[in-house]
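Right, one structure below, let's go through it.
None of the figures in this text is laboratory data; all of them are computed from the coordinates on show. No experiment lies behind these values; they were computed from the predicted model shown. When we count neighbours, we look across all protein chains shown, and the Cβ atoms used for this are built from the backbone with ideal geometry, even at glycine.
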Amino acid sequence: MVVITDSYISKFGEFYDKDLVDLSEEAINGLEINLDNIDAVFVGNMMGSKLYNMNQLGVAVRDRVQMDVPFFNYTLACASGGMAFYRAFKSVESGEFDKVIVLGVEKMTDFSSCEITEALMGASDFENEYLFGLTFAALYGLMASRYLHEYKKDLMLLDKISMKAHSYALSNSNAQFHRELKDSDFEKSVMVSRPLKLLHCSPFTDGVSAVVISKEGEGVEVVDVQMAQDSLALKDRDSIISINSTNVAANKLYKATGIDASMIDMFEIHDCFSIAEAMIYEDLRLSERGQGIDDAAEDKFNVNISGGLKACGHPVGATGVKQIAYLFENMKNDSYGLAQNMAGTGNTSFVTLLKK
């Protein structure tokens, strides 16, 4: 059995007085553990190499916290945290290590919107998307346009999904935004990439999160972690209104565990854009095809009570770990929780099933 025994989530927002190593040190020192008992640290970070010229972030953190154990770096776009957790889980499950820390960290607000947008586009297909100037807002705008057309849905449903996220974030002291949204806010919201407005998009965020996973101890069991991948470019996919990698990973997890979506009590999913939440509902088999946008707008399931990426914030390398940490901290006894983290437009997805 693999168990999460401790967690740490920083405040998410804009922290100009801290760098990546400062945030990482904060998280490790914020864990209530004896660091002498840790065998390894798995670090998820997307943009440290590009923005800060830090190719060995893990070693820099190792030096700061003075831990004489291996630090492993993982970079997989917005799923960097999910990848770090996946590899850490496998290492403990196999018996390679007994107790490890998984750390996800990102600094995004020291740079301009243009610089961050370009850095994020490293997660896209270079020849078919990046070179044509397609940002992720543009790519998700294409997905949203097709989804709304295919299922004959109203754009206002996306407004409701964002409003739901902000409503939940009011109760999360670590969330980046503590402001409730109203219908009138969307009338004034800037169009980013039609049909997506600014209030349909997750923000640039600084933050860090960490969990401790172990072979023994009290806490929350990691029942299983599954991953799947799809084409990097949207044009090469069978459908652009489904995150097929999430669907495949979820089906593998349900088959392996005997647990299906109807038995899960809490979800933290990757709502980088409001349309993504609608599609993920369907790919996790919470909703029928074409019904995800309605179910998300109606808050039908217990999804993203942290505020999600939209309102809690999206420090890309930290998000996958934060989702799991938040479930760990908020699950009730005898309940199941599922975290879904993905890269880019969903070329890679991780799904993690927890049981308390």
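Listed values, structure above:
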read-out	value
Using distinct alpha-carbon pairs, which all enter the 1/r mean, Kirkwood radius of segment 1-108 in Å	14.1 Å
Cleavage-rule hits, GluC sites (Glu not before Pro), segment 43-123, DSSP coil, Cβ neighbours within 10 Å at most 13	Glu96
Ratio Rg/Rh, restricted to segment 85-188 and using Cα atoms, in which Rh is the Kirkwood radius	1.08
Given Lys255/Lys300; Lys11/Lys300; Lys18/Lys50, the pairs whose alpha carbons are separated by over 26 Å	Lys11/Lys300
Alpha carbon Rg of segment 200-263, scaled by the compact-globule rule 2.2 N^0.38 Å	1.54
Note, ³J(HN,Hα) from phi for segment 9-18, Karplus 6.51, -1.76, 1.60, rounded to Hz, x at Gly and Pro	10, 6, 5, 9, x, 10, 10, 6, 9, 10
With 10 Å bins from 0: P(r) over segment 68-144, alpha-carbon pairs, percent	15, 36, 26, 18, 5
At q = 0.19, 0.29 Å⁻¹, base-10 log of I(q)/I(0) for segment 303-356 (Debye sum, equal scatterers on each alpha carbon)	-0.65, -1.27
Volume per residue that the Cα convex hull of segment 240-356 spans, once the total is divided by residue count, Å³	92 Å³
Stokes-Einstein D (µm²/s) once Rh is taken as the Kirkwood radius of segment 109-265 over alpha-carbon pairs, at 10 °C in 1.306 mPa s	84 µm²/s
For the chain, convex hull volume per residue from C-alpha positions, Å³	123 Å³
Long-range amide H partners of Val43 with built H, under 5 Å	Phe72, Asn73, Tyr74, Leu103
Centroid-to-centroid separation of segment 12-43 and segment 53-82 [C-alpha atoms, Å]	10 Å
Gain upon complete extension [Glu221, Lys332; 0.36 nm per residue less C-alpha separation]	38.7 nm
Neighbourhood net charge (12 Å Cβ-Cβ; Lys/Arg +1, Asp/Glu -1) for Asn251	+1
Built amide H within the under 5 Å cut-off of Val192, gap 5+	Lys197, Leu198
Principal axis dimensions, largest first and in whole angstrom, of segment 189-296 by Cα	50, 34, 28
Directionally averaged shadow of segment 46-96, computed from the convex hull of its alpha-carbon atoms, nm²	3.9 nm²
For Ile269, distant residues with modelled amide H under 5 Å away	Asn304, Gln340
All lysines inside 17 Å of Lys90 as judged from Cα atoms, apart from same-chain residues fewer than 8 positions distant	Lys99, Lys215, Lys252
Ranked Lys300, Lys235, criterion: other C-beta atoms within 10 Å, fewest first	Lys235, Lys300
Residues Ser193, Ser171, Ser49, Ser24, sorted so that the one with the fewest Cβ neighbours within 10 Å comes first	Ser171, Ser49, Ser193, Ser24
Order of Met342, Met263, Met227, Met108 - criterion: other Cβ atoms within 10 Å of each residue's Cβ, fewest first	Met263, Met227, Met108, Met342
